[in-house]
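Student: First, the structure itself, so that you have it in front of you.
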Amino acid sequence: MKKSNKNKIKKFIRVDHAGERGAIKIYEGQLLALNTIVKNDELKKKIEVMKEHEKEHANYFESEIKKRGINPTKFLPLWDLLGIGLGFGSTILGKKAAMLCTVSVEEVIDKHYQNQIDQIESDEEELRNKIIKFREDELHHKNIAYNEGATKEGVYSILDKIIKTGSKIAINISEKI
């Protein structure tokens, strides 16, 4: 594998590890709100299922980080705090906002993963196949969120832009540091 391709793969794994861990933290924040302030057992069950998918994704990237000797982003503690805060905050705003949070993040991740899939060369087929599968899971989460009432109408369009901008900034930073 060429050195430039190897560096690109390291960057992909580092940022995907951070992103999947961030998704877990968002869902943990949502569950915290659902267990303390907002009571909605049906939504709680759906979020718990999506969180399990994210754990599967994060465990894969955690394993790849260790196996390949990649340093995770130095921003993990900050992303953890921001993820929990985003999940908690969006959920106390109501079910539509909580589900919009999922939609907004998953729309960014859809494009992010597709970009990686398009760049990964044949010598990294296992990684490419995992990212394809994880992208499909994320699209499924987005569909669940829309079915649960996510909307971008009115003030929710502002929340969508804020969440997407924050997600893109986190991706950009995690790729580099």
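The values are calculated or read from the model by the stated rules, or taken from the named source; none is laboratory data. Computed from a predicted model, the values in this text were never measured in an experiment. Every residue, glycine as well, gets a Cβ built from its backbone with ideal geometry; the counts of neighbours run over all protein chains shown.
Student: Pick from Asp123, Asp110: which is closer than 19 Å to Ile9 by Cα and either at pLDDT 95 or above or touching a Leu at 6+ places or on another chain (Cβ under 8 Å) (or both)?
Tutor: Being closer than 19 Å to Ile9 by Cα and either at pLDDT 95 or above or touching a Leu at 6+ places or on another chain (Cβ under 8 Å) (or both) holds for just one of Asp123, Asp110, which is Asp110.
Student: Identify, by number, the condition in (1) out of contact with any Ser or Thr (no Cβ under 8 Å at 6 or more places or on another chain); (2) of a type outside the set (Asp, Glu); (3) at pLDDT below 95 that Thr91 doesn't meet.
Tutor: It fails just one condition, (3).
Student: Please work out if Gly69 is in contact (Cβ under 8 Å) with a residue 60 or more places away in the chain and of a type in the set (Gly, Ala, Ser).
Tutor: For Gly69, the condition - in contact (Cβ under 8 Å) with a residue 60 or more places away in the chain and of a type in the set (Gly, Ala, Ser) - is not met.
Student: For segment 149-161, indicate whether the set of residues that are touching a helix residue (DSSP H, G or I) at 6+ places or on another chain (Cβ under 9 Å), closer than 16 Å to Leu86 by Cβ and surrounded by fewer than 13 Cβ atoms within 10 Å (Cβ to Cβ) is non-empty.
Tutor: The answer is yes; a qualifying residue exists.
Yes or no, residue by residue, for (1) more than 23 Å from Asn115 (Cβ to Cβ); (2) part of a helix (DSSP H, G or I); (3) out of contact with any Asp or Glu (no Cβ under 7 Å at 6 or more places or on another chain); (4) without any contact (Cβ under 8 Å) to a residue 60 or more places away in the chain:
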{"position": "Lys142", "(1), (2), (3), (4)": "no, yes, no, yes"}
{"position": "Ile158", "(1), (2), (3), (4)": "yes, yes, yes, yes"}
{"position": "Thr165", "(1), (2), (3), (4)": "no, yes, yes, yes"}
{"position": "Ser174", "(1), (2), (3), (4)": "no, yes, yes, no"}
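Student: Suppose the filter is of a type outside the set (Asp, Glu) and modelled with pLDDT of 95 or more; does Ile24 pass it?
Tutor: Spelling it out, Ile24 is indeed of a type outside the set (Asp, Glu) and modelled with pLDDT of 95 or more.
Student: Next question, about the same structure. Given the condition within 11 Å of the chain's Cα centre (by Cα), small (Gly, Ala, Ser) and at pLDDT below 95, answer yes or no: does some residue in segment 140-158 qualify?
Tutor: No: zero hits.
Student: Just to be sure, is Ser90 within 14 Å of Gln30 (Cα to Cα) and either of a type outside the set (Phe, Trp, Tyr) or in contact with an Asp or Glu (Cβ under 9 Å, 6 or more places away or on another chain) (or both)?
Tutor: The answer is yes for Ser90.
Student: Among the residues of segment 58-104, write down those that are of a type in the set (S, T, N, Q) and within 14 Å of the chain's Cα centre (by Cα).
Tutor: Asn59, Thr102, Ser104, listed by residue number.
Student: Pairs needed: first member in segment 106-132, farther than 16 Å from Phe61 by Cβ; second member anywhere, of a type in the set (Phe, Trp, Tyr) and modelled with pLDDT of 90 or more; C-beta distance under 9 Å; at least 6 residues apart or different chains.
Tutor: Sorted first by the residue in segment 106-132, then by its partner, the pairs are Gln119/Phe12.
Student: If you check Ala23 against the conditions, is it in contact with a Leu (Cβ under 9 Å, 6 or more places away or on another chain), closer than 19 Å to Thr165 by Cα and touching a residue at least 12 places away in the same chain (Cβ under 8 Å)?
Tutor: It is false that Ala23 is in contact with a Leu (Cβ under 9 Å, 6 or more places away or on another chain), closer than 19 Å to Thr165 by Cα and touching a residue at least 12 places away in the same chain (Cβ under 8 Å).
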